[in-house]
Amino acid sequence: MGATVTVGKKVAAFKSRNGKTGYVLFEQTYEKNCYPHHPHWSCVGLGYLEDVMARIFASGSSCEGGGLQGRGGCIKPESYIGDWLSEMATPLEMGNFRNKIAFGENFYATIPESLRERVLKGLEDEGFSEAVKALSGDGIEVALHDDIELIRAIYVKHRNELGPWRFIGRFDAVNQMEGFRSSDLGYTPGKDQTYKPQVPLMFAIDNEALILEQPNGTFRTSGAAYSCTATFVEGYGLTELAHPGTFRKSIKTFRDAVKTAPMASDETRIVVSVAGLPADQQYRRDRVQTLADHLGQKSTEFETSLGDVRRVANDDNHLIYHLMHMETLVWKPKLVSEPIQQESLFGETAFA
């Protein structure tokens, strides 16, 4: 599967009817494995400041594993995010874009028919009863400046399933970028000079897999090393809003911690369980069952040690790989050599 290549970014902004500033993100991309390369513009985010910041950092997380690249190859999330924030400082003026929102079966439908029940329930929960009635029929005409709250209740609330390009189409986006830049609508915060990057305690299972401390003090697997950093980047948007200008140092600090995470020793305990796994996710239950079988356990509810798993793991059963994807396991880590001091994100400085 090829990477997406980003080649351009534009931010447009507007004053909504309620007086709040709204933003629209446009990005020019092409798929690396599709030839010839024809970059196209698309709307990739919209909403208030907190909405688009979350979107920028979520997209930036894809750079960590190489899923999102520049023309010259891999780029760091910090660079990608920095480019967006530069555009946010002097956005283009966005017109009061209008479109009809309706359910449909075709690929470019403003809302896919398959999401009807979920979207209507979400709107009802948010108090948009009139919009629910209109959408249950032929649809509803909306304007970006006037109906931003309704638009957010659809395209921000369901952002993992509904891209904003469905509302502001690819070709419409190009037309909307011919405007004046407005520093008055821009996002230009001062830099927080006092914020100290915070990193949770983490330990390596092997050279690729990590376990991280959770807010409740337990340790759980966080997958491959690059994935841990990507997850951190994805969730940093609101922290950046609270502490502007800290994302570069924080991401670097976290990435460095991942690279230097101490190896968990064979004495590390693992509490194995399928409790909490939905019944329809049999593949995840099968992973736990595979682990139990190789360890000679008669139940999927037991406690073992990392050393026991390492002793029976090999290239045929891929048990260490399975451990990386067992989110219900609770880990009780021990360092290879003690004491090694780390500073916990969730508490006082701790010795593991």
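Between the beta carbons of THR290 and GLU161, assuming R0 = 35 Å, the FRET efficiency works out to 0.65 to the nearest 0.05. D for region 4-69, whole µm²/s, Stokes-Einstein with Kirkwood Rh over alpha-carbon pairs at 37 °C and 0.692 mPa s: what number? Roughly 253 µm²/s, to the nearest whole number.
Filter the chymotrypsin sites (Phe, Trp or Tyr not before Pro) in region 122-224 down to the DSSP loop ones having no more than 14 other Cβ atoms within 10 Å, then list what survives.
On the way: sites: PHE128, TYR155, TRP165, PHE167, PHE171, PHE180, TYR187, TYR195, PHE203, PHE219; in loops: PHE128, PHE167, PHE180, TYR187, TYR195.
When the chymotrypsin sites (Phe, Trp or Tyr not before Pro) of region 122-224 are filtered for loop state and at most 14 Cβ neighbours within 10 Å, PHE180 remain.
In a DSSP loop and with at most 14 other Cβ atoms within 10 Å, there are no chymotrypsin sites (Phe, Trp or Tyr not before Pro) in region 69-103. Along its first, second and third principal axes, ordered by size, region 195-341 spans 52, 39, 28 Å in Cα coordinates. Computed from point charges on the beta carbon alone (+1 for Lys and Arg, -1 for Asp and Glu), the dipole magnitude for region 208-257 about its Cα centre is near 140 Debye. The charge dipole of region 241-323, taken about the Cα centre with unit charges on the Cβ atoms of Lys, Arg (+1) and Asp, Glu (-1), comes to about 620 debye, rounded to the nearest 20. Picking from ASN207, GLY276, LEU25, whose Cα lies most toward the positive end of the charge dipole for the chain (charges on Cβ: Lys, Arg +1; Asp, Glu -1)? So the residue we want is LEU25. Taken over the alpha carbons of region 87-144 as equal point scatterers, the Debye sum produces base-10 log I(q)/I(0) values at 0.12, 0.25, 0.26 Å⁻¹ of -0.37, -1.00, -1.04.
At the listed q of 0.24, 0.29 Å⁻¹, the Debye profile of region 257-302, built from one uniform point per Cα, gives log10 I(q)/I(0) equal to -0.87, -1.03.
Taking the square roots of five times each eigenvalue of the Cα gyration tensor of region 45-96, the equivalent ellipsoid has semi-axes of 23, 12, 9 Å, listed largest first.
How much length would be gained if the chain were fully extended between HIS37 and TYR321, taking 0.36 nm per residue of separation minus their Cα-Cα distance, in nm to one decimal? Could you put the intermediate results ahead of the total?
Working: separation 284, 0.36 × 284 = 102.24 nm, distance 3.57 nm.
Using 0.36 nm per residue and subtracting the Cα-Cα distance, I get 98.7 nm.
Mean projected area of the convex hull spanned by the Cα atoms of region 115-248, taken over all viewing directions: 13.1 nm².
Over the chain, what per residue volume does the convex hull of the Cα atoms give, in whole Å³? Convex hull volume per residue, Cα atoms: 174 Å³.
Read the figures in this text as sums done on the coordinates, not as results from a lab. Everything numeric in this text was worked out from a predicted model, so none of it was measured. Note that each Cβ is placed from the backbone with ideal geometry, even for glycine, and that neighbours are counted across all protein chains shown.
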